[in-house]
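A quick write-up on the structure given underneath.
The values are calculated or read from the model by the stated rules, or taken from the named source; none is laboratory data. Source: prediction; values computed, not measured. When we count neighbours, we look across all protein chains shown, and the Cβ atoms used for this are built from the backbone with ideal geometry, even at glycine.
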Amino acid sequence: MHGTLLTYGNKRYLWAATIGAVALLLSYFYYASTTVPSGSTVWGLAYGWIGLLAILMLMFLGIRKRWYFSRLGTLQGWTSAHVYLGLLTLLIIPLHAGFHFGWDVHTLAYLLLVIVILSGMVGLFLYLTVPTILTTYESNMLPDKLEAEIHEILKEMKQLAADKPGLFQRLYQEEDHRCRELEAQGWRTLFTPVNPHAILAQRTHDLHNLLARIPTSDQEGFSQFAGLILRKTELEAYLAAQMRLKNGLEAWLYVHVPASFAMLAAVGVHLVTVLYY
């Protein structure tokens, strides 16, 4: 974890969150020993306002990421603080409520907060692990170059199959369809495990079985054709793996961001309900 968001600034935000958590717990133990904890007491309201401030600071990261000329610290520093402040908020809100929850909008706001934090933890894990794996795949070739080479191979296959038996034509059509299918998969690649070595081994086995059906006069051409298929299969497998990893890096945001705004709306309803009634 050296040099990651978790250790930014010599772990300054980790230490700040740890000290903050200890201070909050000690204050709560004193508070609970003197009165019955609830969100309507002076202490409960203080925790509530601290929690609200923390939530607003968490939401501010979305603005800071697009505030390119801001001098309010580095983006990496803000993101590191965002991680630890989010975890700390999971403690602050129960202190505000005196650990009393029910079936109401107040508890809904906290449940949404939990979803936001958990999805954020998933995103953090992905950003700490996926780029390293993705670099391994991209060391062979970047996605745009992979696609360009795949289409070049398809052109070679079409030319080679032009004056060959129908089997060659059928194989070309299958490869062309396979290519279009991969391009159309989009987010579906996220749920499709990809093992380039296993895919290539299976394709090699299938082509070897086809060799027995090829006339002797066409076997040399088929060997060349099969070589193109295997090269295309290898490139497509690596492209699919890259697509899957990149989609994974973004997928968690489709939970994290909507849940964040839903949580903020629930907090707004909570404040209006408490202050009005």
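Computed values, structure above
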quantity	calculated
Meets criteria (closer than 28 Å to Gly248 by Cβ and modelled with pLDDT of 85 or more) for Ala201	yes
Residue check, Ala21 in contact with a Leu (Cβ under 7 Å, 6 or more places away or on another chain) and either under 28 Å from Met121 (Cα atoms) or touching a residue at least 60 places away in the same chain (Cβ under 8 Å) (or both)	yes
Filter result (among the aliphatic types (A, V, I, L, M) and closer than 23 Å to Leu134 by Cα) within the range 244-267	Leu245, Leu249, Ala251, Leu253, Val255
Pairs where the first residue, in the range 199-211, is of a type in the set (Val, Ile, Thr) and the second is surrounded by 11 or more Cβ atoms within 10 Å (Cβ to Cβ), C-beta under 9 Å, 6+ apart	Ile199/Thr233; Ile199/Glu234; Ile199/Glu236; Ile199/Ala237; Ile199/Ala240; Thr204/Ala226; Thr204/Leu230; Thr204/Thr233
Sole residue being touching a Lys or Arg at 6+ places or on another chain (Cβ under 9 Å) and either at positive phi or among the hydroxyl-bearing types (Ser, Thr, Tyr) (or both), chosen from Gly73, Gly9	Gly73
Selection count, the range 158-172, where residues are crowded, with 16+ Cβ neighbours inside 10 Å and farther than 15 Å from Ser223 by Cβ	1
Qualifying positions in the range 147-161 - over 10 Å from Cys179 (Cβ atoms), in contact with a helix residue (DSSP H, G or I) (Cβ under 8 Å, 6 or more places away or on another chain) and of a type outside the set (A, V, I, L, M)	Glu149, Glu156, Lys158
Residues (closer than 18 Å to His82 by Cα, assigned to a helix (DSSP H, G or I) and among the aliphatic types (A, V, I, L, M)) located in the range 1-33	Leu5, Leu6, Leu14, Ala16, Ala17, Ile19, Ala21
Residue in the range 42-64 that is within 25 Å of Ile115 (Cα to Cα), over 22 Å from the mean Cα position of the chain (by Cα) and hydroxyl-bearing (Ser, Thr, Tyr) present	yes
All helices (runs of 4 or more DSSP H) inside the range 189-277 with 3 or more residues being under 30 Å from Leu56 (Cβ atoms) and of a type in the set (Val, Ile, Thr)	253-276
The range 131-178, subset polar (S, T, N, Q) and in a helix (DSSP H, G or I), residue modelled with the lowest pLDDT	Thr136
Scan of the range 34-80 for residues that are in a helix (DSSP H, G or I), in contact with a His (Cβ under 7 Å, 6 or more places away or on another chain) and farther than 21 Å from Ala262 by Cα, ordered by number	Gly44, Tyr47
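Conditions (1) buried (at least 18 other Cβ atoms within 10 Å of the Cβ); (2) closer than 23 Å to Pro37 by Cβ; (3) among the hydrophobic types (A, V, I, L, M, F, W, C); (4) in contact with a helix residue (DSSP H, G or I) (Cβ under 8 Å, 6 or more places away or on another chain), marked per residue:
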position	(1), (2), (3), (4)
Trp78	yes, no, yes, yes
Ile117	yes, yes, yes, yes
Leu126	no, no, yes, yes
Leu134	no, no, yes, yes
